[in-house]
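Visitor: Before anything else, here's the structure in question.
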Amino acid sequence: MDAIDNRSADLLAQMAGAIASGGIEVVDLTHTLDQDFPVIILPPEFGQCARFRMEEISAYDHRGPAWKWHNISLCEHTGTHFDAPSHWISGRDIPHGNVDEIPVDRFVGPVCVIDCSAGAGEDEDFELTPQIIRDWEKTNGPIPRDCWVLMRTDWSKRRGAAYLNMRDDGPHSPGPTPDAIRLLVEERGIRGFGTETVGTDAGQGMHYTPPYPAHFILHGAGRYGLQCLNNLDRLPPTGAVIVATPLKIKKGTGSPLRVIALVPGKDA
Amino acid sequence: MTRPIAPPPRKNPQKRTRVPTLPSGLRSRAALGLAAAAAEGRFMLQGCEACGALQYPPRDACSTCLSIGLKWRDVKPAGALIAETTVRISTNVYFRERTPWRIGTVKLDAGPSVMAHVHGDVARGARVVLVNRLDKSGQGVFFALPMDGSADMADDPQLRELTADPKFRRILVTDARNENSVALAKAFADAGATSIFVGEPEGWRPYPHRAALAAVSNVAIVPLDVTDTRSVCELAGEIGGKTDILVNNSRFMRPGGIMDRGDTVFARDEFETNVLGLMRLAQAFGPAMSGRGADGVNSAVAWVNILSVYAYANMPAYGVFSASNAAALSLSHCLRAEMAPGGVRVMNVYTGPTEDEWHQPLPPPKVAPSALAKSVIAGLKDGLEDVYVGDVAKDLIDRWRQGPKVLEREMMAQAGEG
């Protein structure tokens with residue numbers, strides 16, 4: 001093994017110390033994998049996203065006297081999950097577009113959080129627009145290249161039927177406009193986009209051109225998605241780092257995962 | 001006259017729940033034909049193909065000419081009660097707990113005299129209608145009813161032992177999202193059910209008839225998803241001890257056979273709901289139900305599966321759905337055997353295409369939810385095991401009985417027709 005770069009070793013040691021002392025806070029951005037957590041609903045003639053299910057194999061009983069374990073089943077896109085480029089038709093030919101092929105350094109990175117919670121509180125079809133992004137940059141500085149951008153809506157606080165908010169004309173939940181996603185991907189060069197809702201697109205996102213613009217544009221450009229995120233209200237607009245490591249599923253188009261954020265401490 | 005049964009009082013928590021006992025279930029193989037007829041509510045006797053003589057009791061050779069060509073056939077169930085008595089003491093535990101018990105001899109208009117249990121409203125010497133019913137041991141027995149019926153006839157305690165009447169019972173219908181749940185709930189309410197629990201999977205997404213369902217009297221919508229073991233166990237923990245009739249109307253279906261689907265994803269959903277769902281429900285609710293088979297007026301009494309008649313013969317246009325129902329049919333026989341010691345009957349209600357979104361392009365006749373619900377209630381009131389609803393189901397089971405292989409060929413010809 002080559003000699004260790006002392007500077008980076010010091011950085012890691014400092015970070016470990018700061019995490020241990022609470023100087024850096026670790027925030028869980030994940031919902032519990034729960035049988036009753038909503039999944040995306042498509043027209044029933046299409047294939048459907050499997051709900052999370054758990055079957056007990058044994059529980060310290062005649063089926064296995066000293067151990068308890070479960071078989072679980074779910075979709076790649078159940079619960080808090082990661083979307084790889086191969087999830088969408090626009091990203092089907094992207095090199096390293098499956099979860100098992102993505103270089104692991106892509107799973108750790110800085111994050112900008114755009115707070116849309118006030119707007120989403122008033123309008124369930126609230127749109128993230130280029131104007132909102134530019135206004136955010138006036139306050140927080142330009143969105144750096146290769147950064148995660150998360151859209152905070154406080155939608156994760158909704159429960160039950162209010163989460164999908166499904167009506168006769170489909171679900172109603174906030175999301176980005178096509179132009180907003182183009183700005184983030186083509187001009188700012190973000191690494192990925194994440195939301196608190198069941199998908200990276202608005203509930204009515206099928207009615208944009210292109211339909212489902214976040215999926216189409218992000219994945220067509222080889223970028224990633226995170227959805228069903230939790231606790232975004234505990235992140236600062238800039239300065240946090242997220243760790244989002246999907247399972248290494250062979251040719252997988254996405255994966256449930258535990259997303260954590262490393263958040264700098266506040267001034268005492 | 002029959003005294004109408006009163007709503008049962010709340011259970012005394014200091015009294016042990018009465019353990020189910022059964023009347024004798026020993027029968028000759030020939031006599032099992034009575035059970036087969038009773039399972040469908042038919043009054044049948046063996047008739048001799050050589051000399052025409054009707055036989056009673058069931059036997060292996062004709063009592064007149066010794067021919068072994070005896071064939072079960074439907075017989076006009078009318079006659080006169082020529083002898084009757086009331087049993088007050090019995091060494092059989094089941095009857096000992098239920099005396100006094102009326103029995104008698106009925107001279108059938110068709111010829112033979114038969115032994116029958118006798119309704120309290122039938123006078124000695126009176127004209128009677130006979131019915132063939134399954135007793136708690138699952139065997140066919142004759143029961144003599146007043147020729148023109150009587151007030152509160154179904155409340156006769158001896159008759160109630162032979163039926164699964166919903167009156168004063170507590171019902172669980174497993175799937176509120178199924179389009180037939182409203183009709184089922186209404187039918188049970190009309191039949192006098194005390195409580196109608198209706199299981200609701202995925203409460204996080206709406207469905208059109210929820211308000212109509214919630215408006216039915218005595219309905220309580222409760223969380224239940226038969227694909228989720230935890231959910232089934234939780235509900236059984238809550239209401240398993242007061243579920244007297246369970247109606248498994250959970251169903252997942254998509255059109256398609258093997259090759260036109262190209263994957264096993266929907267097949268898995270179909271087996272998860274239609275087969276493993278039944279198994280999960282049975283594992284969670286079965287033990288408490290079979291332990292409460294003798295628990296008074298509102299004892300646990302029946303388990304109802306709503307199955308596709310294509311469980312018997314595969315309909316290729318709905319090929320995998322048919323296969324899942326064939327598996328469920330087989331599993332229902334296992335459940336019937338396991339529930340038998342508790343005296344709880346398992347009734348399968350078979351339908352052809354139903355009036356719903358998945359059969360929308362099919363031509364009529366299709367089974368309407370109200371027709372299905374009516375058949376479920378009627379089947380329970382008659383204590384049946386096999387109910388065929390609608391012309392398609394009745395026709396298919398007739399053809400299946402004539403010859404499954406010929407039917408298989410006929411089903412092949414329907415491939416692609418849906």
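Visitor: Give B:Gly138, B:Gly199 a once-over and let me know the one that is in a loop (DSSP other than H, G, I, E, B), within 19 Å of B:Leu246 (Cβ to Cβ), modelled with pLDDT of 95 or more and small (Gly, Ala, Ser). Give the derivation first.
Guide: Numbers: B:Gly199 fails: in a loop (DSSP other than H, G, I, E, B).
After ruling out the rest, the residue left standing is B:Gly138.
Visitor: Could you figure out which of (1) without any contact (Cβ under 8 Å) to a residue 60 or more places away in the chain; (2) in contact with a helix residue (DSSP H, G or I) (Cβ under 8 Å, 6 or more places away or on another chain) isn't true of A:His215?
Guide: (1)
Visitor: Looking at B:Ala164, B:Ala193, B:Ala185, B:Ala176, which one is assigned to a helix (DSSP H, G or I), among the aliphatic types (A, V, I, L, M) and at pLDDT 95 or above?
Guide: Values: B:Ala164 fails: assigned to a helix (DSSP H, G or I); B:Ala193 fails: assigned to a helix (DSSP H, G or I); B:Ala176 fails: assigned to a helix (DSSP H, G or I).
Just one listed residue meets the conditions, B:Ala185.
Visitor: Under 9 Å between Cβ atoms, at least 6 apart or on separate chains: pull out the pairs that start in segment B:269-298 with a residue that is more than 14 Å from chain A (Cβ to nearest Cβ) and end on any residue that is of a type in the set (D, E, K, R) and assigned to a helix (DSSP H, G or I).
Guide: B:Ala282/B:Glu338; B:Gly286/B:Glu338; B:Ala288/B:Lys242; B:Ser290/B:Glu338; B:Arg292/B:Lys242; B:Val297/B:Arg160; B:Asn298/B:Lys242
Visitor: Given (1) of a type in the set (Lys, Arg); (2) touching a residue at least 60 places away in the same chain (Cβ under 8 Å); (3) closer than 20 Å to B:Arg3 by Cβ, identify the lone condition not met by B:Arg133.
Guide: Of (1) of a type in the set (Lys, Arg); (2) touching a residue at least 60 places away in the same chain (Cβ under 8 Å); (3) closer than 20 Å to B:Arg3 by Cβ, only one is false for B:Arg133: (3).
Visitor: Of all residues in segment A:14-45 being loosely packed, with under 11 Cβ neighbours inside 10 Å and in a helix (DSSP H, G or I), which is nearest to the other protein chains (Cβ to nearest Cβ)?
Guide: Only one residue tops the list, namely A:Ala20.
Visitor: With the checklist (1) part of a strand (DSSP E or B); (2) over 25 Å from the mean Cα position of the chain (by Cα) in hand, flag the one item B:Gly125 doesn't pass.
Guide: Failed condition: (1).
Visitor: Please go through segment A:46-60 and give me each residue that is out of contact with any Ser or Thr (no Cβ under 9 Å at 6 or more places or on another chain) and either surrounded by fewer than 11 Cβ atoms within 10 Å (Cβ to Cβ) or among the aliphatic types (A, V, I, L, M) (or both), ordered by number. Working first, answer last.
Guide: Let us first name the residues in segment A:46-60 that are out of contact with any Ser or Thr (no Cβ under 9 Å at 6 or more places or on another chain), namely A:46-48, A:57-60.
If the condition is that a residue be out of contact with any Ser or Thr (no Cβ under 9 Å at 6 or more places or on another chain) and either surrounded by fewer than 11 Cβ atoms within 10 Å (Cβ to Cβ) or among the aliphatic types (A, V, I, L, M) (or both), then A:Phe46, A:Ile57, A:Ala59, A:Tyr60 are the ones that fit.
Visitor: Can you tell which of B:Ala220, B:Ala123, B:Ala151, B:Ala215 is over 18 Å from B:Gly293 (Cα atoms), free of Cβ contacts under 8 Å to residues at least 24 places away in the same chain and surrounded by fewer than 19 Cβ atoms within 10 Å (Cβ to Cβ)? First the steps, then the outcome.
Guide: On the way: B:Ala220 fails: free of Cβ contacts under 8 Å to residues at least 24 places away in the same chain; B:Ala123 fails: free of Cβ contacts under 8 Å to residues at least 24 places away in the same chain; B:Ala151 fails: free of Cβ contacts under 8 Å to residues at least 24 places away in the same chain.
None of the other options fit; the residue is B:Ala215.
Visitor: Considering A:Gly222, A:Gly203, A:Gly254, A:Gly189, which residue is touching a Phe, Trp or Tyr at 6+ places or on another chain (Cβ under 7 Å) and either at pLDDT 95 or above or farther than 20 Å from A:Arg159 by Cα (or both)? Show your work before the answer.
Guide: On the way: A:Gly222 fails: touching a Phe, Trp or Tyr at 6+ places or on another chain (Cβ under 7 Å); A:Gly203 fails: touching a Phe, Trp or Tyr at 6+ places or on another chain (Cβ under 7 Å); A:Gly189 fails: touching a Phe, Trp or Tyr at 6+ places or on another chain (Cβ under 7 Å).
Residue meeting the stated conditions: A:Gly254.
Visitor: Which residue out of A:Thr209, A:Thr200, A:Thr139 is more than 14 Å from every other protein chain (Cβ to nearest Cβ), within 26 Å of A:Gly91 (Cα to Cα) and more than 18 Å from the chain's Cα centre (by Cα)? Working first, answer last.
Guide: Details: A:Thr200 fails: more than 18 Å from the chain's Cα centre (by Cα); A:Thr139 fails: within 26 Å of A:Gly91 (Cα to Cα).
Just a single option satisfies the conditions, and that option is A:Thr209.
Visitor: Looking only at segment B:28-53, which residues are outside any loop (DSSP other than H, G, I, E, B) and more than 28 Å from the chain's Cα centre (by Cα)?
Guide: Taking segment B:28-53 first, the residues outside any loop (DSSP other than H, G, I, E, B) are B:32-39, B:44-48.
Within segment B:28-53, B:Cys48 is the sole residue that qualifies.
Visitor: I need the full set of residues from segment B:38-91 which are in contact with a helix residue (DSSP H, G or I) (Cβ under 9 Å, 6 or more places away or on another chain), surrounded by fewer than 17 Cβ atoms within 10 Å (Cβ to Cβ) and within 27 Å of B:Val346 (Cα to Cα), in order please.
Guide: Residues satisfying the conditions are B:Pro57, B:Asp74.
Visitor: Sticking with this one: I'm trying to understand the selection: among the residues of segment A:165-184, which are of a type in the set (S, T, N, Q) and more than 14 Å from chain B (Cβ to nearest Cβ)?
Guide: Initially, segment A:165-184 is screened for residues of a type in the set (S, T, N, Q), giving A:165, A:173, A:177.
A:Thr177, the sole residue that qualifies.
Listed here are the residues, each with its yes/no results for (1) touching a residue at least 24 places away in the same chain (Cβ under 8 Å); (2) buried (at least 16 other Cβ atoms within 10 Å of the Cβ); (3) of a type in the set (Asp, Glu).
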position: A:Asp135; (1), (2), (3): no, no, yes
position: A:Ile143; (1), (2), (3): yes, yes, no
position: A:Lys157; (1), (2), (3): no, no, no
position: A:Ala161; (1), (2), (3): no, no, no
position: A:Ser173; (1), (2), (3): yes, yes, no
position: A:Thr177; (1), (2), (3): yes, yes, no
position: A:Ala180; (1), (2), (3): yes, yes, no
position: A:Val185; (1), (2), (3): yes, yes, no
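Visitor: Out of all the residues in segment B:234-251, is one or more within 14 Å of another protein chain (Cβ to nearest Cβ), in contact with a strand residue (DSSP E or B) (Cβ under 8 Å, 6 or more places away or on another chain) and surrounded by 18 or more Cβ atoms within 10 Å (Cβ to Cβ)?
Guide: Yes, some residue in segment B:234-251 is within 14 Å of another protein chain (Cβ to nearest Cβ), in contact with a strand residue (DSSP E or B) (Cβ under 8 Å, 6 or more places away or on another chain) and surrounded by 18 or more Cβ atoms within 10 Å (Cβ to Cβ).
The values are calculated or read from the model by the stated rules, or taken from the named source; none is laboratory data. For clarity, every value in this text was computed on a predicted model and none was experimentally measured. Because the Cβ atoms are built from the backbone with ideal geometry, glycine has one as well, and the counts that use them run over all protein chains shown.
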